[in-house]
Amino acid sequence: MKKLLFGANQILTCESKSKGYKTGSELKDVGLLSSHSIVIEDGFIKDIIPNNSIKDFSDYEIIDVSGKIVLPGLIECHTHLAFAGNRSDEFKMKLDGVSYEEIALKGGGILKTVDSVRNISVTDLFSLMKLRVNEFISQGVTSLEIKSGYGLNFENEIKQLHAIKLIDETYPIDIIPTFLGAHTYPNEFKSNHTAYIDEIIERMIPYISKNKLAVFCDAFCEKTAFTADEVDTIFNVAQQYGLKLRLHTDQFNAIGGIDVALKYNSATVDHLEVIDDDGINKLSGKEIVSVLFPGMSFFLNHQYAPARKLIDSNCIVALSTDYNPGSSNILNLHLVMQIAALKMKMSIEEIINSVTINAAKALLISDKVGSIEIGKQADFAVFDTDNYADIIYNVGRNLNCMTIKNGFVIYSS
Ligand code: NIG
Ligand code: FE
């Protein structure tokens, strides 16, 4: 039986004229439809019709969204939620003026979480992750990327990817797994970087590719992590093994990550807080998504990525939480959207497109999700208000009242 998502006050389609992303002034358009309903068949969007055109309801199973706002299911395109442990001690140090990089150099930071992840069972890790996934679903997220990167050896990177696989098997939302073995150097390879890179390219990548444990291979190009040349070596092999690429770069130092990302046709460059005009020019007009993290800048009191300049230079911009225990302990995509409005000078429409169609582009899934268009998956986030500006205006609140995945209500409040 067909389903009818009936009675929305506003539907924000975020459709991109089949391009699969939006840039520049296109971001000002959220594809607003007033007083429309959505016909769903077999989990896909079959039609979008005016509320007053429906004469016979007996054909449909009704999902009542009368008076509410319907968005495409939100796409959370960058998280590190497969972590264990707690870094509130480092948070306190940061409040006292010690920087994130100083903490990393002293052996804290990512390596502290690595200790916790190495000492937890896959089942316990899975339990911790479930709470976080549930929270994202309650915010309207229907596609979610999750990275490894806190194992930093064969056994524990694979353990994290197995926990991510369990999440994928448990939840109806789309889970996109990313291998981030090149997050930083583990202590045992501190003075032998080549040996750790060999471990990544000779053991981890072949196994992960063979067992289909990740879609993407990511790396962290930074003074405290991997050089551009080291990333080049890893990307070269990852690409040969069929993994898609993405890169953390220009977070604290611009050391050539953008060039490597472009060389290997990376799907994204993530962070960009310190990108300069030269870097922006290189990304301009290219089919690579700049994934920005206003929550991370807020949490670390770090400079914000130049969202305005990137948008005005025709770069594809997406937004995400970067949810992790060290630089962005913010398990709230709405708050991130709100910070983008208040601190990055992005408009409400630009923000909504950046967590839907453009975030889908970042994950290379914008042909299936990220906008409300006939033929796409029936994934929706329903907000309990009659005006979409309220989603951003209500800072710190979650107005999402229903999450729908492939036509099924998977959350309602
Ligand atoms: O994206 N920049 C590197 N990685 C994460 C932080 C990870 C951590 O501190 O645990 C990030 O900010
Ligand atoms: Fe990250």
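Residue separation times 0.36 nm, minus the C-alpha to C-alpha distance between SER191 and LYS92: what's the value?
Contour length minus Cα-Cα distance gives 32.7 nm.
Pairs of lysines in region 273-350 whose Cα atoms sit within less than 21 Å of one another amount to 4, provided the residues are eight or more positions apart or on different chains. For the chain, what is the mean residue ellipticity at 222 nm derived from helices alone (per DSSP H run of n ≥ 4: -39500 (n - 2.57); sum divided by total residues; nearest 500 deg cm²/dmol)? Value at 222 nm, helices only, nearest 500: -9500 deg cm²/dmol. Among the chymotrypsin sites (Phe, Trp or Tyr not before Pro) in region 45-98, none sits in a DSSP loop with a Cβ that has at most 10 other Cβ atoms within 10 Å. For chymotrypsin sites (Phe, Trp or Tyr not before Pro), no site in region 270-371 is both called loop by DSSP and has at most 13 other Cβ atoms within 10 Å. Computed from backbone phi with θ = phi - 60° and the Karplus coefficients 6.51, -1.76 and 1.60, the 3J(HN,Hα) list for region 102-107 is 4, 4, 4, 5, 7, x Hz; x is used for glycine and proline.
Between the Cα long axis of helix 122-138 and the first principal axis of the chain there is an angle of about 40°, rounded to the nearest 10. Rounded to the nearest whole Hz, the Karplus-based 3J(HN,Hα) values (6.51 cos²θ - 1.76 cosθ + 1.60, θ = phi - 60°) of region 155-161 follow the sequence 4, 7, 5, 5, 4, 4, 5, with x at glycine and proline. Tilt of helix 333-343 relative to the longest C-alpha principal axis of the chain, in degrees (0 to 90, nearest 10)? Its long axis makes an angle of about 80 degrees. When GLU155, GLU102 are compared by accessible area at a 1.4 angstrom probe, the order from most to least is GLU155, GLU102. Note that region 265-314 presents 39 Å² accessible area per residue, ligands and nucleic acids not counted, probe 1.4 Å. Take the Cβ atoms of LEU128 and PHE154, set R0 to 30 Å, and the FRET efficiency comes out at 0.85. Summarising the amide proton neighbourhood of CYS315: residues at separation of 5 or more, or on other chains, whose placed amide H is nearer than 5 Å comprise GLY24, GLY285.
Averaging 1/r over each pair of different alpha-carbon atoms in region 141-258 and inverting the result gives 14.3 Å, the Kirkwood hydrodynamic radius. Projecting the Cα atoms of SER297, GLY73, CYS221 onto the charge dipole of the chain (Cβ charges, centred on the Cα centre) puts GLY73 farthest toward the positive pole.
Just for the chain, what percent of DSSP beta bridges are antiparallel, to the closest 5?
On the way: 26 of 60 bridges.
Percent antiparallel among DSSP bridges in the chain is about 45.
Taking amide H as placed 1.01 Å from N in the peptide plane, the amide H of GLY73 sits under 5 Å from that of GLY370, ASP379, PHE380, ALA381, each at least 5 places away or on another chain. For TYR411, the amide hydrogen comes within under 5 Å of the amide hydrogens of THR403, counting only partners 5 or more places away or on other chains and with H modelled in the peptide plane. Each DSSP beta bridge with both residues in region 1-140 is either parallel or antiparallel, and the antiparallel ones are about 65%. When the charge dipole of region 190-299 is built from unit charges on Cβ atoms (+1 for Lys and Arg, -1 for Asp and Glu) and taken about the Cα centre, the candidate among HIS271, ASN253, TYR241 whose Cα reaches farthest toward its positive end is TYR241.
For the pairs LYS190/LYS223; LYS2/LYS361; LYS94/LYS223; LYS22/LYS68, note any where the Cα-Cα span goes beyond 23 Å. Numbers along the way, then the final one.
Values: LYS190/LYS223 13 Å; LYS2/LYS361 29 Å; LYS94/LYS223 20 Å; LYS22/LYS68 25 Å.
LYS2/LYS361; LYS22/LYS68, as the Cα separations exceed 23 Å there.
Average accessible surface for region 49-91: 39 Å² per residue, computed with a 1.4 Å probe over protein heavy atoms with every protein chain in place.
Of the solvent-accessible surface of the chain, computed with a 1.4 Å probe and all protein chains present, 48% belongs to carbon and sulfur.
In this label model, LYS286 and ASP64 are separated by 5.2 nm, measuring between points 7 Å along each Cα→Cβ vector.
The values are calculated or read from the model by the stated rules, or taken from the named source; none is laboratory data. All values reported here derive from a predicted model rather than from experimental measurement. Cβ atoms come from the backbone with ideal geometry, glycine included; neighbour counts cover every protein chain shown. In case anyone asks, the SASA skips ligands and DNA or RNA and just uses the protein heavy atoms, side chains included. Shrake-Rupley method; radii C 1.70, N 1.55, O 1.52, S 1.80 Å.
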